[in-house]
Amino acid sequence: MNNEKIANFLVKMVCVFILGILLLFVISSCFSTAKMDSTIYKLNEMVIIDKCNVLFVIISLVIYITIVLCVTKLLKKVDTKKILITGLLFILFISIGWIFFSKVLPRDDMKDIIDATMELKDEDTNKFEKGGYFDLYPFQLGYLLVAEILFNISESLYFAQIINAIIIVAIMFILYQITNMLFKDDIVSKIILILECGCFYLFMYSTMIYGNIIGLMFALLSILFLLKYFENNKIVDAVLMVITIIVSVMIKNNYLIFLIAELIMVLLDIFSTKNIKKIILILGVVGLLFSSNCILKSFYEYRTGMQISKGLPKVLWINMGISENTEARSFGWYDSNYSWKIAYKYDFDYELIKEEGQRQVLERTQYLMENPKYLWNCFIKKTLPLWIEPTYGALWINTPMVYEENDDTTFIKEIKASLYNQGDRLNSTFVWYCKIYQMMIYLMSIVYILMSIKKINYKTSILFITFLGGFLFHTFWEGKSIYVFQYTLVLLPYTAFSIAKIYDKMKNKLVIKENFKKKDGNNENSICSYTNVL
């Protein structure tokens, strides 16, 4: 067995493991629906698991996939570029339309970052002082830089949100390009565009002034350049891959998962091709990542005249990820009560907090290992709210926390209330739609693995490796469903491929049936005619 076959075999084993994960999600979704409590003016960020009708789930799923197949048939003869332009304009229209419909105001981290951009204009460094936002969370400096650029161009919140909407369009275009690189099939390209136009929860992120969206754009760009580099072996693609993934990680640290997935692919490529020179690519990523963080830190130390702290130790996030939540949220979700309590207890002393955090993680880990049944229950309690909550917090981040007067008509206010309040008609409809959309992605990704397991190779599996990285990371790390939407989104190309294969099989069966009818009409013996067709 040569090196390439070994690399592909390893990737196939990983895909089999991913198959098990996806099966868990699909089976769980058949019997239950995860709903995030988004009651208007009263938010607790808790996911509630409700039972659902299995038959209705299956029927809804079949109907949705059938609709996609029918639309594909209608668009079969339409030029792909026309579908692309129309689809991207539709996404832009919905994303911007949502901005002006929702009129949502920033809160939590978003508000802190935006406030910091305004304060820095007046040379106010309050958020960098001891106990301030950036003293605790310096990893947000990357997006602070982005926010400063945006709000220096215009202080209008709408401007920043419209830029977000444009970035969402860019994400969908890049995902379309990645699909072309992976499969080079016109039908698959058309289907991915159809599926993208149905990803409504992503369009609702246009109001979220945070690093998730723009970071995802650069992370996907990096994957696209890496695939181009694998295909053409051009240095320019390797350089662009390194730059874009570093920018992505600077903006949002969570995109280290994408970076690690890419480095794994590069290592497998080095192992397969025995091209040691490509090790420079890995060294370039590591070196640029380290230097970019130093530059960013130095920049804000110069801006503020203050030393940027290490922030809260990362071990606290691990402890939150494996512990019961004290804020009525789901198991393993972010727990501000815990992090703030321990920070104040040790007067924001990094080393003391780190020691306490490590002690708690060791104690918690030991307890979990000694109680395997409880460990499994904890895994389920955390995993399901994270991965089968179908809106990925899109409704929650748009739900108003406080009542504010605006120029909405009574009719619009009623629509918003029905959409935001859990259990109301629009809310239930939207959650159900997102559930079926999510299940389709999981199910069709399973179909892809089953159909293509013999042909899967390390180059075409990079999106699966990224998904697995997200799953493993958030199994141990503090989580929220809003953090994992990108790992489901990267499965869309595999979903499109599977639906395309279903479409091809249905089309071939129809052709055989039509040929059979023609031959049957011209021959007295229909059995002989059928044999001839076969």
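The values are calculated or read from the model by the stated rules, or taken from the named source; none is laboratory data. Not measured: the values here are computed from a predicted model. Here the Cβ is made from the backbone with ideal geometry for all residues, glycine too, and neighbour counts use every protein chain on show. We work out accessible area using only protein heavy atoms, side chains counted, and drop any ligands, DNA or RNA first. Shrake-Rupley method; radii C 1.70, N 1.55, O 1.52, S 1.80 Å.
Is it the case that some residue within the range 206-221 is more than 30 Å from Leu281 (Cα to Cα) and assigned to a helix (DSSP H, G or I)? Yes.
Considering the range 231-259 alone, what residues qualify as being farther than 30 Å from Leu157 by Cβ and open to solvent by less than 30 Å² (accessible area, probe 1.4 Å)?
Our first condition is that a residue be farther than 30 Å from Leu157 by Cβ; within the range 231-259, this holds for 231-242, 259.
Hits for the range 231-259 are Asp237, Ala238, Met241, Val242, Leu259.
Inside the range 266-295, can you point out the residues that are of a type in the set (D, E, K, R) and part of a loop (DSSP other than H, G, I, E, B)? Within the range 266-295, Lys274 is the sole residue that qualifies. List the pairs whose first member sits in the range 113-139 and is closer than 26 Å to Leu316 by Cβ, whose second member is among the hydroxyl-bearing types (Ser, Thr, Tyr), and whose Cβ atoms are under 7 Å apart, counting only residues at least 6 apart or on separate chains? Cβ pairs passing all conditions: Ile113/Tyr143; Ala116/Tyr133; Thr125/Thr304; Lys127/Tyr133; Phe128/Thr304; Asp135/Ser309; Pro138/Ser309.
Give the residues of the range 98-124 that are at negative phi, open to solvent by 80 Å² or more (accessible area, probe 1.4 Å) and in a loop (DSSP other than H, G, I, E, B), sorted by residue number. Matches in the range 98-124: Leu105, Asp122.
In the set (1) over 22 Å from the mean Cα position of the chain (by Cα); (2) open to solvent by less than 70 Å² (accessible area, probe 1.4 Å); (3) polar (S, T, N, Q), the condition left unmet by Ser95 is number (1). The residue pairs whose first member lies in the range 277-298 and is farther than 15 Å from Leu256 by Cα, whose second member is surrounded by 11 or more Cβ atoms within 10 Å (Cβ to Cβ) and among the charged types (D, E, K, R), and whose beta carbons are closer than 8 Å, counting only pairs six or more residues apart or on different chains, are Lys278/Asp269.
Those helices (runs of 4 or more DSSP H) of the range 361-480 in which at least 2 residues are charged (D, E, K, R), considering only elements entirely within it, cover 372-387, 410-420, 425-452.
For the structure I just gave you, tell me whether Leu10 is assigned to a helix (DSSP H, G or I), surrounded by fewer than 20 Cβ atoms within 10 Å (Cβ to Cβ) and at pLDDT below 90. It is true that Leu10 is assigned to a helix (DSSP H, G or I), surrounded by fewer than 20 Cβ atoms within 10 Å (Cβ to Cβ) and at pLDDT below 90.
Pick out the one residue from Lys76, Lys42, Lys5, Lys35 that is touching a strand residue (DSSP E or B) at 6+ places or on another chain (Cβ under 6 Å), at pLDDT below 90 and open to solvent by 50 Å² or more (accessible area, probe 1.4 Å).
Numbers: Lys76 fails: touching a strand residue (DSSP E or B) at 6+ places or on another chain (Cβ under 6 Å); Lys42 fails: touching a strand residue (DSSP E or B) at 6+ places or on another chain (Cβ under 6 Å); Lys5 fails: touching a strand residue (DSSP E or B) at 6+ places or on another chain (Cβ under 6 Å).
Answer to the selection: Lys35.
Screening Thr326 with (1) among the β-branched types (Val, Ile, Thr); (2) open to solvent by 50 Å² or more (accessible area, probe 1.4 Å); (3) modelled with pLDDT of 80 or more; (4) in a loop (DSSP other than H, G, I, E, B) gives one miss only, at (3).
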